[in-house]
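Undergrad: Below you'll find the structure I mean.
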Amino acid sequence: MLNFEFCAPTKFVFGRDAQEKTGALVREFGGSRALIVYGGGSVVRSGLLSQVMASLDAAGVAHMELGGVKPNPRSDLVYEGIRLCKAHALDFVLPVGGGSAIDTAKAIADGACYDGDFWDFYCGKAAVTRALPHGCVLTIPAAGSEGSTSAVITKIEGNLKRGLNTDFHRPRFAVMNPELTFTLPRYQLACGITDMMAHIMERYFTNTRDVALTDRLAEALLQSIIEAAPVAMADSADYAAHATLMWAGMLAHNNSVGVGREQDWASHQIGHELSARYDTAHGAALAVVFPAWMQYVYRHDVARFAQFATRVWGVDAAGKAQEETALSGIAAYRAFLASIGMPQTLEEAGGKPEDIPALAASVVNGRTGHFVELLPPQIEEILRIACKA
Ligand code: NZQ
Ligand code: ZN
């Protein structure tokens with residue numbers, strides 16, 4: 001196990017009616033004038049936005065609203081949010097929604113305390129040293145932004161989708177009521193399930209030795225998701241299954257299972273290029289890239305892939321060569337993704353095979369991955385595998 005520092009200070013308020021506590025939580029963390037950030041309208045239609053505003057009013061928190069965040073959130077709304085915070089001396093950012101609203105809020109919180117262009121943080125020109133406090137009300141189990149150090153924003157000019165990790169991005173609180181996810185379209189739920197599994201697997205496939213505890217934690221999380229997913233997909237009001245997914249999505253990405261080990265992240269980097277170019281949903285991009293990545297790299301550590309197959313997918317290794325076991329695990333993962341309705345090929349995810357060289361060339365810094373380091377020719381190969389079901 002590698003040395004690590006881990007500070008995850010978010011206060012999680014989980015369960016039925018948790019959103020009623022939002023106003024008191026903003027107060028608890030020093031907010032008196034909040035910017036509410038939300039997406040394309042699901043929280044308006046569900047009545048959640050009104051409930052949150054009523055809770056803020058009851059706690060004496062003044063508020064303004066900024067709606068219209070799109071999935072794969074863009075820089076234009078971040079600039080608008082920063083302008084509002086500065087113009088109205090707002091002191092708290094409150095996203096109500098999924099990863100896109102939360103990431104937009106994180107970028108606004110950074111930019112509101114900075115005199116330059118917030119994009120400086122995303123292109124490595126500057127580091128965040130101050131940010132407004134932010135806390136969130138989560139409506140989809142997926143990105144894990146409610147507990148993570150990340151925010152991912154797409155700069156409109158140049159279509160650059162870039163992530164930024166900093167401890168300033170850990171929300172002060174996260175309100176997590178599984179009932180708020182009952183209104184999710186099945187496709188969005190499936191995208192979220194795919195994403196949270198990917199967050200665990202980006203950490204699971206590592207070259208670091210002596211990581212038995214975090215291996216077991218990762219495997220337990222994956223198994224719990226695999227069990228809960230079909231139940232939640234079949235019954236949009238099954239509280240237990242949605243609660244499992246909601247908490248699993250947070251644990252998948254707050255780095256509990258990633259500490260002390262080298263992590264990969266190639267599939268995410270490649271997936272971001274698909275989202276930037278085709279506006280593919282993040283989970284859908286991962287559904288076609290991650291199995292192709294596995295197919296390409298498994299020979300690097302067949303034993304680890306065989307462990308993944310037997311412990312996560314229940315593959316029976318008896319009488320099989322290790323490689324056959326490993327491949328059965330990858331096949332089981334592919335079958336699971338198909339069973340929840342995820343795209344199977346690059347084209348089904350909106351990609352064009354003729355763009356493969358450009359997609360590979362646009363990956364940040366021209367290289368990615370740690371389990372196996374990939375340069376553009378290898379990324380191209382993975383994307384070609386992703387063209388086949
Ligand atoms: O915009 P609205 O109308 O709210 O609809 C959203 C959106 O269309 C809808 N939705 C969310 N909750 C709903 C709902 N519809 C009905 N009922 C509900 N309860 O779902 C759609 C997707 O929402 P979005 O916020 O985009 O989903 P997600 O949480 O998957 O976030 C995706 C973004 O997060 C980034 C992704 O790259 C992508 O940009 N990520 C952020 C990470 C982080 N900050 O730690 C890590 C991830 O790896 C990921 O990169
Ligand atoms: Zn992700």
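Undergrad: Scan the stretch 72-94 and tell me whether some residue there is surrounded by 15 or more Cβ atoms within 10 Å (Cβ to Cβ), on the phi > 0 side of the Ramachandran plot, at pLDDT 95 or above and touching a helix residue (DSSP H, G or I) at 6+ places or on another chain (Cβ under 6 Å).
TA: Within the stretch 72-94, one or more residues are surrounded by 15 or more Cβ atoms within 10 Å (Cβ to Cβ), on the phi > 0 side of the Ramachandran plot, at pLDDT 95 or above and touching a helix residue (DSSP H, G or I) at 6+ places or on another chain (Cβ under 6 Å).
Undergrad: Please count how many residues of the stretch 158-187 are farther than 26 Å from Glu5 by Cβ and touching a helix residue (DSSP H, G or I) at 6+ places or on another chain (Cβ under 8 Å).
TA: 13
Undergrad: So which residues in the stretch 114-151 are within 16 Å of ligand 2 (Cβ to nearest atom) and either of a type in the set (Lys, Arg) or over 12 Å from Asn165 (Cβ atoms) (or both), if there are any at all?
TA: Those that are within 16 Å of ligand 2 (Cβ to nearest atom) and either of a type in the set (Lys, Arg) or over 12 Å from Asn165 (Cβ atoms) (or both): Leu138, Ile140, Pro141, Ala142, Ala143, Gly144, Glu146, Gly147.
Undergrad: Evaluate the stretch 212-230: report whether one residue or more is farther than 30 Å from Arg16 by Cβ and open to solvent by less than 30 Å² (accessible area, probe 1.4 Å).
TA: yes
Undergrad: Does Ala317 qualify as being under 21 Å from Thr208 (Cα atoms), more than 24 Å from the chain's Cα centre (by Cα) and modelled with pLDDT of 95 or more?
TA: It is false that Ala317 is under 21 Å from Thr208 (Cα atoms), more than 24 Å from the chain's Cα centre (by Cα) and modelled with pLDDT of 95 or more.
Undergrad: Would you check which residues across the stretch 176-211 are away from ligand 1 (no atom under 16 Å from the Cβ) and either open to solvent by 10 Å² or more (accessible area, probe 1.4 Å) or within 17 Å of Trp265 (Cα to Cα) (or both) and list them?
TA: Once the filter is applied, which keeps residues that are away from ligand 1 (no atom under 16 Å from the Cβ) and either open to solvent by 10 Å² or more (accessible area, probe 1.4 Å) or within 17 Å of Trp265 (Cα to Cα) (or both), the stretch 176-211 yields Thr206, Asn207, Thr208, Arg209, Asp210.
Undergrad: Of a type outside the set (Phe, Trp, Tyr), within 25 Å of Phe29 (Cβ to Cβ) and more than 16 Å from ligand 2 (Cβ to nearest atom): does that describe Arg170?
TA: Taking the combined requirement at face value, the residue satisfies it.
Undergrad: Please count how many residues of the stretch 1-50 are outside any strand (DSSP E or B) and aromatic (Phe, Trp, Tyr).
TA: Final tally of qualifying residues: 3.
Undergrad: Answer yes or no as to whether Arg311 is surrounded by fewer than 20 Cβ atoms within 10 Å (Cβ to Cβ), touching a residue at least 24 places away in the same chain (Cβ under 8 Å) and either among the charged types (D, E, K, R) or in a helix (DSSP H, G or I) (or both).
TA: It is true that Arg311 is surrounded by fewer than 20 Cβ atoms within 10 Å (Cβ to Cβ), touching a residue at least 24 places away in the same chain (Cβ under 8 Å) and either among the charged types (D, E, K, R) or in a helix (DSSP H, G or I) (or both).
The values are calculated or read from the model by the stated rules, or taken from the named source; none is laboratory data. No experiment lies behind these values; they were computed from the predicted model shown. Positions of Cβ are generated from backbone atoms using ideal geometry, with glycine treated the same way; all protein chains shown enter the neighbour counts. These accessible areas exclude ligands, DNA and RNA; they are computed on the full protein's heavy atoms, side chains included. Shrake-Rupley method; radii C 1.70, N 1.55, O 1.52, S 1.80 Å.
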